[in-house]
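Colleague: This is the structure I want to talk about, given as structure tokens.
The values are calculated or read from the model by the stated rules, or taken from the named source; none is laboratory data. Keep in mind that this is a model prediction, so the values were computed, not measured. Neighbour counts are summed over all protein chains in view; Cβ atoms, including those assigned to glycine, are modelled from backbone coordinates with ideal geometry.
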Amino acid sequence: MSHHTIDVDALAFDYPDGTCALDGVSFHIGHGESIALVGANGAGKSTLLMHLNGLLSPTSGTVQIGGTPVTKGTLPDIRKTVGMVFQDPDDQLFMPTVLEDVAFGPANLGLPEADVLKRANEALDRVGALKLADRPPYRLSGGEKRAVSIATVLAMYPSILVMDEPSSNLDPRARRRLIELLGTFEHTKIIATHDLDMALDLCERTIVLHEGRVVADGPTREIFTDDTLLESSALERPAGLRPCPVCGSAAGNSGDAD
């Protein structure tokens, strides 16, 4: 069974105060797919992502990674397979230097020091941040922090990348670099985002969450041109698919919302 697959079946989750965050969510993600997860604030996106590597446990329903159920007993293997990039890079960067941050995960796998350094340097090089290795994380720009937080995940050699709002708070140049970087990854990817133009650039398939339920799952371009669906889900067309305000013709390309 491929470690790159995700199966979510009838997933439900209630917070301790009784708030229902997820209500019967089901979907399958195949090997190598790049999936956008979109929805308004409070739709359940972040809650769903935290079930994919066991940060939260379902109230009911199941999550399987590569056919392996996500349970307390399987968490060590699941977390090697599923690498999660949090919305706020400061949640992942806490060591004195960038290199130490990126090396932290492999070091905790018990790998020899030479292998740890190899992984860390390779990951930093992959995201174009090798020159930052000796810098303290607090002295990085937002785009640099985002790149380094991705490197901390890549150093673990995951099969699946899970990202929560990866383009948030980035300036246009950093955002474009992030999109170019993510476009080179062959991992199975699930990206929760409000940046629908980025989703259009990177993801052929989109899952729409609304009030904890999947209300659409299909080709990204079809979903992003369904104005009735978007309005009912408190979303709007990405800029690249809006009609020209001058001539009224539909946009033909995804474009760049910068």
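Colleague: Being crowded, with 17+ Cβ neighbours inside 10 Å, basic (Lys, Arg) and at pLDDT 95 or above is true for just one of ARG119, ARG126. Which residue is that?
Modeller: The unique qualifying residue is ARG119.
Colleague: If you don't mind, there's one more thing I want to ask. Can you find, within segment 1-34, the residue that is surrounded by the fewest Cβ atoms within 10 Å (Cβ to Cβ) among those that are of a type in the set (S, T, N, Q) and touching a His at 6+ places or on another chain (Cβ under 9 Å)?
Modeller: That would be SER2.
Colleague: Being farther than 19 Å from ARG205 by Cα and hydrophobic (A, V, I, L, M, F, W, C) is the filter here; which residues of segment 34-64 pass it?
Modeller: Within segment 34-64, MET50, LEU55, LEU56, VAL63 qualify.
Colleague: Here is a further query. How many of the residues making up segment 83-111 are more than 18 Å from LEU130 (Cα to Cα) and modelled with pLDDT of 95 or more?
Modeller: The qualifying residues number 0.
Colleague: Then there is this: If you check VAL25 against the conditions, is it of a type outside the set (Gly, Ala, Ser) and modelled with pLDDT of 95 or more?
Modeller: Yes: the conditions hold for VAL25.
Colleague: Next question. Tell me which of these GLY66 doesn't satisfy, since it passes every other one: (1) in contact (Cβ under 8 Å) with a residue 40 or more places away in the chain; (2) under 28 Å from ASP195 (Cβ atoms).
Modeller: All conditions are met except number (2).
Colleague: Ok, one more. Output the number of residues of segment 137-160 satisfying the condition of being assigned to a loop (DSSP other than H, G, I, E, B) and either small (Gly, Ala, Ser) or buried (at least 24 other Cβ atoms within 10 Å of the Cβ) (or both).
Modeller: Number of matching residues: 3.
Colleague: Answer yes or no as to whether MET163 is assigned to a loop (DSSP other than H, G, I, E, B), of a type in the set (A, V, I, L, M, F, W, C), in contact (Cβ under 8 Å) with a residue 40 or more places away in the chain and touching a strand residue (DSSP E or B) at 6+ places or on another chain (Cβ under 6 Å).
Modeller: Spelling it out, it is not the case that MET163 is assigned to a loop (DSSP other than H, G, I, E, B), of a type in the set (A, V, I, L, M, F, W, C), in contact (Cβ under 8 Å) with a residue 40 or more places away in the chain and touching a strand residue (DSSP E or B) at 6+ places or on another chain (Cβ under 6 Å).
Colleague: Residues that are surrounded by fewer than 19 Cβ atoms within 10 Å (Cβ to Cβ) and at pLDDT 95 or above, at least 3 per element: which strands (runs of 3 or more DSSP E) completely within segment 166-239 meet that?
Modeller: 213-219
Colleague: Before we move on, is VAL162 under 12 Å from the mean Cα position of the chain (by Cα) and either hydrophobic (A, V, I, L, M, F, W, C) or on the phi > 0 side of the Ramachandran plot (or both)?
Modeller: Working: under 12 Å from the mean Cα position of the chain (by Cα): yes; either hydrophobic (A, V, I, L, M, F, W, C) or on the phi > 0 side of the Ramachandran plot (or both): yes.
Judged against the criteria, VAL162 is a match.
Colleague: Could you run through segment 73-101 and say how many residues are farther than 22 Å from LEU49 by Cα and either touching a Gly at 6+ places or on another chain (Cβ under 6 Å) or crowded, with 20+ Cβ neighbours inside 10 Å (or both)?
Modeller: Count: 3.
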